[in-house]
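Inspection log for the structure reproduced underneath, given as structure tokens.
The values are calculated or read from the model by the stated rules, or taken from the named source; none is laboratory data. This one's a predicted model, so the numbers in the text were calculated from it and none came from an experiment. Every residue, glycine among them, receives a Cβ derived from its backbone with ideal geometry; neighbour counts consider all protein chains shown.
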Amino acid sequence: MAVEVRKQERPALWRDATVLKWVAQLAFLAFLIAVVVIVGRVVASNLSNRGINFGWQWLSDPPGFSIREGIDTTPDSGARALLVGIVNMLRVTVAGIIFATIIGTVIGIARLSNNWIVNKIGTAYIETIRNIPLLVQIFFWQALMLSLKTFGEEDVGSYFTHSSVKGIALPGIFPSDGFWQWMVFVVIGLVAARYVFRWRSRLMEETGNESYALTSAIGTVLVFAALGWFLHPLFGWMSAIWGALEGLARGIPAPLYSWAIALAIVAGAAWWIRGFFEARKTPAGYGKFTDDDIFRVAFAALSGLVIAGFVIWLSSRVVQVPSGGSLEGDVTIAELIRLGAGNFWNFFENKFHGSAGSPFAFELPSIELRGAGFAQYGSESIVITVPFFAVFVGVTVYTAAFIAEVVRAGILAVPRGQTEAASAIGLKRSQYLRLIILPQAFRIILPPMGNQYLNLAKNTSLGTAVAYAEVVAVGFTLSNQTGQSLPIVLTWMVFYLTVSLSISAVVNYYNRKLALVER
């Protein structure tokens, strides 16, 4: 008996789920682009009617104000002023993340301590800090610093440390002539320490004996650093290499830089697509891809091409550069990129000169008279200003309280049998926390801790309230000077988006590295 197999007919286009999904997504994308274009035209029309010019000329114009602290207190352009604010913001963010993680981890462990006093201190810290608004805490730390004594002409001299209403002065350790050559030894030591750490860790796994992997790795770095202190002039020959790279960078035609960046973007999109396919590969080959998978690949390819085209277009734009530098007048952005590449290698060429000087210079803080007899901290002092102190301590202490709860929750999520097994084999509390509990808890802790890092980075904008010269405060001043509020707000948005995505990328990278490998 013959069996008739009916061939499945493809439904009509208006009933095909795949076609409808693609049409809906493309329609939404077109609608979104149309909304952006319409809103942009309306905003441009309103600005024109009010006589407000929308432009980016303020980036190269002198800002007309000085900045209290930062890498440049008298910036010569709006872009330089924003860079000072960005660096000040990143100073608080990076230092705050490090210290908030340490403090939060300690407080989180203290919350689980069997010692009643330690437990209650941790609880009081968390419940108090979390329930007081961050801005109020920043004002508190500012008021605390402003309650310190002032100093005058009678206090002129050198000190080991000094605190006053103007800040906290600490001894300064500055890079000296041989610093960069010494850093070569340190980098070599870090690479060697990585292999030493792996070797000692593998030894402990094989024998079961304590191998002091971390101590050995730190010791390796210190040995190379000590050798570099005396032998760093040996790397003076690298100056010729940096000089050759500088000449090569300046000799490359400017348009090639824009094409190289565009190709790198396209290569990045291709690399992501390749990783996307590899993640879905099985021993039997590739499975069937869903409509969403196809859309992701197509979107990645299209985005790479569009961004690459935008880079090529942007690099050909002409901007006006103030006189006084190696480039002036009307130049393309590609030429500025080439200048930056040459200056980058020139920086290292000037640092590697075979000097036998010490890698560091040590200076004590001092109080000196300036101008019309005003007492100020000396330029060689490291001064923690009142605004920096208030913002840094405020966001660090505040974020640490939330990190502490994240750490406590992560430790409690580890099965209790792990703790009991560790105690049964004679491990001390510090040992099983370090070797068993925290490594397992870290896999749970990392994602929510990344959210706290993002909150810390964005909370630094509250520094405006205490006159800390971070990117928002500098942007407000630029807006008042130039009237270009919209471009400055757009700059803020792009900057904070970049910072947030960068932190998320780092956290997600380590989160993937810690993920359990399933069979």
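Annotations
- Residue match in the range 94-114 (condition: part of a helix (DSSP H, G or I), under 30 Å from Ile367 (Cβ atoms) and not assigned by TED's automatic domain parsing to the domain that holds Tyr398): no
- Residue in the range 148-159 that is assigned to a strand (DSSP E or B) and either over 23 Å from Leu456 (Cα atoms) or in contact with a Pro (Cβ under 9 Å, 6 or more places away or on another chain) (or both) present: yes
- When the range 73-86 is limited to residues that are surrounded by 14 or more Cβ atoms within 10 Å (Cβ to Cβ) and either not assigned by TED's automatic domain parsing to the domain that holds Val471 or not small (Gly, Ala, Ser) (or both), the one that is nearest to the chain's Cα centre (by Cα) turns out to be Ile86.
- Residue within the range 175-182 that is surrounded by fewer than 17 Cβ atoms within 10 Å (Cβ to Cβ) and hydrophobic (A, V, I, L, M, F, W, C) present: no
- Screening the candidates Leu433, Leu486, Leu478, Leu438 for the property of being closer than 30 Å to Ser60 by Cβ and either buried (at least 16 other Cβ atoms within 10 Å of the Cβ) or among the hydroxyl-bearing types (Ser, Thr, Tyr) (or both) yields one hit, Leu478.
- Members of the range 129-158 that are of a type in the set (Val, Ile, Thr) and within 29 Å of the chain's Cα centre (by Cα): Ile129, Ile132, Val136, Ile138
- Members of the range 142-162 found to be more than 19 Å from Arg370 (Cα to Cα) and not aliphatic (A, V, I, L, M), listed by number: Gln142, Ser147, Lys149, Phe160, Thr161
- Options Val94, Val39; residue that is more than 30 Å from Leu446 (Cβ to Cβ) and β-branched (Val, Ile, Thr): Val39
- Flag if Thr282 is in the same structural domain as Val318 (by TED's automatic domain parsing) and among the hydroxyl-bearing types (Ser, Thr, Tyr): yes
- Failed item, numbered, when Ile126 is tested on (1) modelled with pLDDT of 90 or more; (2) assigned to a loop (DSSP other than H, G, I, E, B): (2)
- For the range 191-209, the tally of residues that are in contact (Cβ under 8 Å) with a residue 24 or more places away in the chain and more than 28 Å from Gly426 (Cβ to Cβ) stands at 2.
- Where Arg274 falls short, out of the listed (1) in contact with a helix residue (DSSP H, G or I) (Cβ under 9 Å, 6 or more places away or on another chain); (2) more than 29 Å from Gly340 (Cβ to Cβ); (3) assigned to a helix (DSSP H, G or I); (4) not acidic (Asp, Glu): (1)
- Count of residues meeting criterion [among the charged types (D, E, K, R) and crowded, with 18+ Cβ neighbours inside 10 Å] in the range 110-143: 1
- Which listed residue, of Trp229, Trp237, Trp199, is out of contact with any Leu (no Cβ under 7 Å at 6 or more places or on another chain), modelled with pLDDT of 90 or more, aromatic (Phe, Trp, Tyr) and assigned to a helix (DSSP H, G or I): Trp199
- Residue within the range 237-257 that is within 26 Å of the chain's Cα centre (by Cα) and closer than 19 Å to Ala341 by Cβ present: yes
- Of all residues in the range 361-401, those that are touching a residue at least 12 places away in the same chain (Cβ under 8 Å) and either assigned to a strand (DSSP E or B) or surrounded by fewer than 16 Cβ atoms within 10 Å (Cβ to Cβ) (or both) total 14.
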